[in-house]
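*Asks:* Quick one: the structure is below, and I'll ask about it shortly.
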Amino acid sequence: MPKILFVEDDPFIAEIYKKKFESSQFDVINVTSGRAVLRELKENTFDLVLLDLVIPEMSGMEVLEELRKNDEYPKDIKIIVFSNLSSTEDREQCLKLGANGFISKTEFSPSEVVDEVNRFLRQFGEQEKNLARAGAPVAEAIEGQPSGKKRILIIEDEAVFVEMFSRRLRDEGYEVTSKPEGISGLQEAMDGNYDLIISDIMMPGMQGHEVIAKLRESEQGKNVPVIILSASVEEDHFQELTDAGIANKVFMKTQITPSELTYHVNDLLKAKA
Amino acid sequence: MDYNLISTLETCASYIQSGKEAGIIDLVLYSHIPTLIAALLAGFYIFLKNPKSTASQALLMLSFSFSLWTFFDFLIWTSTDSRIIMSSWSVLGFLNTAILLSALYLVAVFPKNKDIPLKFKALLLLPIVPIIAFAPTSLNLIGFDVMNCEATENSLYVNYYYLFSLVLFFIILGIVIAKYKRATNSSEKKQITLLGIGVTLFLLSFLLSGFLSSYFDFYLFEFYGLFGMTAFLVFLGYLVVRFKAFEVKLLGAQALVLALLLLIGVQFFYAKTTTDFILDAFTTLLVLVAGYFLIRSVAMEVKRKEELQKLSDNLAHANERLKELDTAKSEFISIASHQLRTPLTAIKGYLSLILEGSYGPVTPAIQDVLDKLYIVNNRLTQLVEDLLNVSRIEAGRIQYNFQPTHLEALAAELTDMFALNAKDKNLYLKMSLPKKTLPEMMVDPNKIKEVMQNIIDNALKYTPEGGVDLIVENGGDRARIIIKDTGIGIKPEDKEHLFQKFLRSKETTKMVVSGAGLGLYVGKSFVEAHGGKVWAESEGPGKGSRFIIELPFVNPKVKQGVSDQVSALAPQEDKKNS
């Protein structure tokens, strides 16, 4: 459960956000002044600090400066400035002082703020993972199961998506193959003995859901997890595809990042194992 | 040929004298002259209006041959010169046949102007050769009957051309009947019927009277026979006025005035005294002037009517075009939006990869810029989704997921959602619920929430001070949701367009720039799919606005939980409360 330090002096506003975050499985500690922030951070660790700029005792900028300059505080504290002040100067100033991100209060509704915070957290997590990978890329590959690498097939006609999604999946340690249309995709899915299949819907040759439906009829493809990515399926039809046992998960391409897709792949494979 | 060279015959002179006394000559005048003039006038008028039309050529032939016949007949009746009488008499047979032939030609080519094949023409013309050839010979007229002041006819010649005329008459009847049967529309049927009756009446009276006068020597019939032409002209006039036959534009008023003038003009022939003459002239002048004004005003009226018709035709056409354009536009949006998603997805995906450090560490400054890009890109994605939604709504492809819902719960959720926005702007947001809980209703909660959310969001956006009330009421058989603000209000002229696509009032652009102006439009069709209504009320600019959503407790459009959209785009919202 991510733990957030939420700096906000208005109890009414603080209450609303606290409720929002808690309903999204966050642990929220609310403090109302600059000194309280520093005190709290000396004693506890947080995944994220949401820092308002206009707070009693010290300004948000001063708090930021203190946190980054004073060695008593861990260097890797993630600080997101959460403020009404959103001029370019303010943002630049905050970044210079060591803020990790910026969420403008006026631009987001409370639930959108939660989404943004989630995104930042995921982003930070990924950044760390990527740093670690950059440090020891080969070692990890050997240390993992070299022959036991999970294999994924992407059936997708847009080369840019193949590149984008498979890059992230490979970073995660998967072996990725791709086919640019339905017919060869189906052949490959039948013969290749894949651990998971990701397919587009609108494709030349054979449509994605037909490919998967055919695959489901075969012995080899009966139980393989399938994720469908689509740019055209309307929300109401998502359920039908999953209900019909055609796909395990269906996502709108515009709504999913490569990392999010990767998490779902991880989930599906974990569940299978 | 012996035309009897005594040129001026005493007997004839006395014959005419006695005719005058018996009023016969008056009758000759009255039956011949006006009819002749009327026939010629009509023939030439129609011909000159449209000289290339075969039908009007045929009509001219008919009126011309008829006029000639009448003219010679008139000469026979009024002349005292045996040579004039004899030569006039000799051409009657030919003219009689010519009348029949041109009548046949007329019915054959009317109303479509399709000429008849040449060989039929030749076939029809062939029997006329002996009539022409023997006309000046004694085979036609044997001699002159001095006692009766008339020619003695060869019955063979007369029988021949009457028989031929009779055959032609039946052919004409046949053509009319066949044409009537083959006519494809009612207007054509009516035109053929009218022409057929007119021609038949004319020919029947003409032939019958000629026949009777020839065989029974009772020439008075002949005069009455000529009135068949008048009947024909009446039918012709009606055809022209009503059906624009012969492609002539003639107004009923014009035809009427013309006929009236003609009838009054005839009176001149009977003007026996100067007083009669002056009275006739005065009447004619009066009719002329009154007719002129009548025609002018009717013409004006007709012109206006035609213009109006043209305008409304244009309007209907333009409307049709607009509808097509709107469909094309929705399709375009749908396709374009789909195509737009691909790059948007790539941008989102790659931005996230860069931000996550997949391509190496990112400096804070770059990360901040990419964060902004990421957010903006998400907004763009949302906008594309909105556009797609609209085209889906217009194509009737939105699905509703109706389920038992408490509106109060939705209201509470939204109040929570917007509490902060309100607080930020120093506005109040108050919710008031009915004392007695509303019954559970079958609605699509997400859609209704979206509608309410949109209106509340707008209310907060467009309210600089004061606040927003969210009221849920029991309206008897329906739930009423009222969102009342103290904001900038709505101009009366904007109120009607508020729920249209892409509309944002001018005032609103000043305060906020986001939003494509789709919200209310989409919301309206959502509410209508629930059998409900949504409308706006405002006292005017600066006086706040009220948005009212009414949803029936029992949704008339729900069958099994999921329904297709029923009324995609009903016409403009009713304004009974505005």
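*Asks:* Mind checking whether some residue in segment A:245-258 is more than 24 Å from the chain's Cα centre (by Cα) and not charged (D, E, K, R)?
*Replies:* Yes, some residue in segment A:245-258 is more than 24 Å from the chain's Cα centre (by Cα) and not charged (D, E, K, R).
*Asks:* Return the pairs, sorted by first residue and then second, in which the second residue is at pLDDT below 85, the first residue lies in segment B:65-80 and is among the small types (Gly, Ala, Ser), the beta carbons are less than 6 Å apart, and the residues are 6+ apart or on different chains.
*Replies:* As it stands, the answer is B:79/B:85, since those pairs meet every condition given.
*Asks:* Is it the case that some residue within segment B:505-521 is touching a strand residue (DSSP E or B) at 6+ places or on another chain (Cβ under 8 Å), open to solvent by 70 Å² or more (accessible area, probe 1.4 Å) and either outside the structural domain of residue B:482 (by TED's automatic domain parsing) or at pLDDT below 80 (or both)?
*Replies:* Among the residues of segment B:505-521, not one is touching a strand residue (DSSP E or B) at 6+ places or on another chain (Cβ under 8 Å), open to solvent by 70 Å² or more (accessible area, probe 1.4 Å) and either outside the structural domain of residue B:482 (by TED's automatic domain parsing) or at pLDDT below 80 (or both), which makes the answer no.
*Asks:* I've got another one for you. Within segment B:340-366, take every residue that is part of a helix (DSSP H, G or I) and more than 7 Å from chain A (Cβ to nearest Cβ) and give me the one that is modelled with the lowest pLDDT.
*Replies:* Per the stated criteria, the residue is B:340.
*Asks:* With (1) of a type outside the set (Val, Ile, Thr); (2) within 14 Å of chain B (Cβ to nearest Cβ); (3) open to solvent by 50 Å² or more (accessible area, probe 1.4 Å) as the list, and residue A:200 as the residue in question, which single condition is left unmet?
*Replies:* Of the numbered conditions (1) of a type outside the set (Val, Ile, Thr); (2) within 14 Å of chain B (Cβ to nearest Cβ); (3) open to solvent by 50 Å² or more (accessible area, probe 1.4 Å), the odd one out for residue A:200 is (3).
*Asks:* What is the residue count in segment B:173-200 for residues that are aliphatic (A, V, I, L, M) and under 16 Å from residue B:101 (Cα atoms)?
*Replies:* 5
*Asks:* Further question: Within segment A:67-85, can one find any residue that is open to solvent by 40 Å² or more (accessible area, probe 1.4 Å) and facing chain B (nearest Cβ under 10 Å)?
*Replies:* The answer is yes, given that some residue of segment A:67-85 is open to solvent by 40 Å² or more (accessible area, probe 1.4 Å) and facing chain B (nearest Cβ under 10 Å).
*Asks:* Now for a different question. Scan segment B:451-485 residue by residue and report those that are within 12 Å of residue B:430 (Cα to Cα) and not hydrophobic (A, V, I, L, M, F, W, C).
*Replies:* Within segment B:451-485, B:466, B:467, B:469, B:484, B:485 qualify.
*Asks:* I'd like the full set of residues that are under 23 Å from the mean Cα position of the chain (by Cα) and in a loop (DSSP other than H, G, I, E, B), limited to segment A:162-184.
*Replies:* If the condition is that a residue be under 23 Å from the mean Cα position of the chain (by Cα) and in a loop (DSSP other than H, G, I, E, B), then A:172, A:173, A:174 are the ones that fit.
*Asks:* Kindly indicate whether residue B:407 is over 22 Å from residue A:239 (Cα atoms) and more than 11 Å from chain A (Cβ to nearest Cβ).
*Replies:* Against the criterion (over 22 Å from residue A:239 (Cα atoms) and more than 11 Å from chain A (Cβ to nearest Cβ)), residue B:407 qualifies.
*Asks:* Taking segment B:367-404 as the search range and keeping residues that are outside any helix (DSSP H, G or I) and of a type outside the set (A, V, I, L, M), which one is nearest to the other protein chains (Cβ to nearest Cβ)?
*Replies:* It comes out as B:399.
*Asks:* Moving on. Of all residues in segment B:352-377, count the ones that are open to solvent by 40 Å² or more (accessible area, probe 1.4 Å) and within 60 Å of the chain's Cα centre (by Cα).
*Replies:* So the answer is 3.
*Asks:* While we're looking at this one, here's another question. Of everything in segment A:105-130, what is more than 9 Å from chain B (Cβ to nearest Cβ) and either open to solvent by 40 Å² or more (accessible area, probe 1.4 Å) or not in a helix (DSSP H, G or I) (or both)? Give them in sequence order.
*Replies:* A:112, A:115, A:118
*Asks:* Tell me which of these residue A:248 doesn't satisfy, since it passes every other one: (1) open to solvent by 40 Å² or more (accessible area, probe 1.4 Å); (2) free of Cβ contacts under 8 Å to residues at least 12 places away in the same chain.
*Replies:* In the conditions (1) open to solvent by 40 Å² or more (accessible area, probe 1.4 Å); (2) free of Cβ contacts under 8 Å to residues at least 12 places away in the same chain, residue A:248 misses (2) alone.
The values are calculated or read from the model by the stated rules, or taken from the named source; none is laboratory data. This one's a predicted model, so the numbers in the text were calculated from it and none came from an experiment. So basically every Cβ, Gly included, is an ideal-geometry build from the backbone, and we count neighbours across all protein chains shown. What goes into the accessible areas is simple: the full protein's heavy atoms, side chains included, and nothing from ligands, DNA or RNA. Shrake-Rupley method; radii C 1.70, N 1.55, O 1.52, S 1.80 Å.
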